[in-house]
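Each value in this text was obtained by applying a stated rule to the coordinates, not by laboratory testing. Computed from a prediction, not measured in an experiment: that's the story for all the values here. Note that each Cβ is placed from the backbone with ideal geometry, even for glycine, and that neighbours are counted across all protein chains shown.
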Ligand SMILES: Cc1cc2nc3c(=O)[nH]c(=O)nc-3n(C[C@H](O)[C@H](O)[C@H](O)COP(=O)(O)OP(=O)(O)OC[C@H]3O[C@@H](n4cnc5c(N)ncnc54)[C@H](O)[C@@H]3O)c2cc1C
Ligand SMILES: [Zn+2]
């Protein structure tokens with residue numbers, strides 16, 4: 001089934017009776033060439049590109065819950081390529097280019113909206129840092145515009161520019177950044193993978209990883225044992241548990257990140273606006289809800305909900321920046337479990353077990369990475385070589401101290417990102 | 001979350017700074033080697049369940065505490081002064 005405008009029109013006129021399920025619901029086979037553990041954004045995109053780019057279609061994605069029930073369906077959907085360090089820059093640039101062609105590629109409406117991402121600054125020092133970052137983005141071939149106060153005012157007149165603590169001095173604008181519909185990204189990749197022969201197996205929790213003589217042989221699951229030539233671990237917040245099944249301890253701590261949405265309002269916030277000093281960012285969904293969030297709750301957690309201090313902190317920061325949102329009523333809040341790495345950057349690498357690969361450490365920024373992560377991880381799993389856009393995400397960088405990618409410049413320590 | 005500080009009594013989580021897994025109490029010697037330092041600084045058990053971690057009573061008495069806590073339910077089982085805790 002191909003989606004098109006004509007098809008939507010036809011189905012609308014004929015009672016919507018022609019739509020079909022977007023993917024099959026197969027029982028697990030006893031053996032696959034590749035097993036991907038985790039049916040989030042990264043697991044699904046990995047499976048898709050294994051089939052699409054490398055012709056490896058005897059693949060299963062094993063998901064303990066339902067597809068897209070993890071962080072890929074819980075994030076605030078921001079897509080951007082505004083990184084400043086080698087290792088990250090080329091990777092997120094690659095990802096943004098994949099985003100720009102994604103809807104045609106998948107024949108799926110992921111509601112990619114390049115509405116622009118605006119990062120605000122409030123001091124001379126911050127402006128200098130943003131100017132440097134903007135130059136790094138331009139050097140990478142992406143877009144960045146340094147705006148002064150009046151430039152920001154033209155875009156977002158509704159801010160409290162003269163806030164006593166954080167007056168708005170300007171902002172770094174990234175026009176190609178924006179948002180996408182998170183569930184649709186998972187569904188689009190799922191459908192694309194399924195059509196190429198990948199088995200998407202839900203309600204199938206991996207409970208063990210079988211290793212013989214240093215080589216992976218398959219996995220144990222709640223739906224039986226499955227043999228596999230290669231296995232990829234792509235389980236975000238659960239990375240430590242699954243890696244432990246292969247006897248590994250990871251440089252990962254799991255933390256909860258919360259997000260919030262208000263009742264639907266008329267269009268009022270046209271961009272993604274971030275207020276880093278206050279730990280607050282916001283955009284408006286196409287349905288009209290103000291979608292916003294802040295920082296992690298700042299202690300290890302596997303509860304997919306947060307605590308009140310972080311809620312208050314985010315609300316206060318929002319009111320500080322844009323008092324006009326004070327009358328909007330919050331409908332829902334929720335949390336997702338983030339795989340936090342010590343330097344804030346991800347891991348896409350082999351492990352010491354032959355045939356076992358690891359993809360984790362996405363912190364709070366892995367949604368924008370979904371296309372490139374799958375693309376580069378599939379490349380690594382298929383060819384055993386690093387994709388040129390993802391050479392920096394080595395697992396051993398913490399042990400060796402070489403190649404740390406500390407974008408925030410706070411030091412590579414667990415409680416600092 | 002409320003943390004029972006042995007000195008100040010039960011206090012709101014906001015008064016505390018979070019350091020992370022209590023592994024930080026078990027600092028290796030300077031020449032313990034790369035693997036020991038990797039384990040100390042970076043590698044974490046990161047359990048889903050009961051864990052021991054270091055919290056600092058920044059907004060109170062200034063003591064470092066070892067807090068036993070469940071990372072799934074956020075239940076807190078107890079806190080002791082780091083100086084008196086078993087490593
Ligand atoms: C509130 C919030 C806001 C965010 N905002 C943004 C944003 O604006 N922009 C951005 O770029 N990023 C954002 N992120 C981060 C982003 O969502 C994540 O980094 C990314 O989704 C993680 O990768 P994933 O999609 O593969 O994870 P997930 O969707 O969590 O996928 C992992 C899957 O593995 C499964 N799994 C776990 N254990 C097992 C097992 N043993 N067996 C089988 N399956 C298993 C889980 O059920 C889950 O479905 C946000 C996250 C949160 C929580
Ligand atoms: Zn105290």
0 to 90° range, to nearest 10: angle between helix A:370-383 axis and chain A longest Cα axis: 30 degrees
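Sequence gap at least 6, Cα distance under 8 Å: using those rules, report the relative contact order of region A:199-310 to the nearest whole percent. Mind showing how you got there, number by number?
Details: 183 pairs, mean separation 21.5, N = 112.
So the answer I get is 19 percent.
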Per-peptide average of other Cβ atoms within 10 Å, ordering A:363-374, A:288-299 highest first: A:363-374, A:288-299
Region B:22-87: relative contact order as a whole-number percent, Cα under 8 Å and 6+ apart: 28 percent
For chain B: span of alpha carbons on each principal axis (Å, largest first): 40, 27, 20
Choice from A:81, A:184, A:328 with maximal GNM fluctuation in chain A (Cα, 10 Å cutoff): A:328
Expected 222 nm ellipticity per residue - DSSP helices of 4 or more, -39500 (n - 2.57), all of the protein assembly as shown, to 500: -7000 deg cm²/dmol
Gaussian network model of chain A, springs between alpha carbon atoms under 10 Å - residue of A:164, A:246, A:389 with greatest fluctuation: A:164
Pairwise centroid distance, computed over Cα atoms, of region A:145-174 with region A:179-235, Å: 45 Å
GNM result for chain A, Cα springs below 10 Å: residue of A:118, A:13, A:159 fluctuating most strongly: A:13
Proxy reagent accessibility, fewest Cβ within 10 Å first, across B:11, A:17: A:17, B:11
Radius, Kirkwood style, for region A:269-336 when every pair of distinct Cα atoms is counted (Å): 12.7 Å
Span from the region B:1-60 Cα centroid across to the region A:340-413 one, whole angstrom: 26 Å
Region A:1-133 shape via C-alpha gyration tensor axes, a/c threshold 1.5: oblate
Projected-area average for region A:214-301 over all orientations - Cα convex hull basis, square nanometres: 9.5 nm²
Separation of alpha-carbon centers, region A:65-85 and region A:315-333, rounded to whole Å: 22 Å
Degrees, to the nearest 10: A:124-139 long Cα axis against longest axis of chain A: 50 degrees
Degrees separating the helix A:308-321 axis from the principal Cα axis of chain A, which is the longest one: 40 degrees
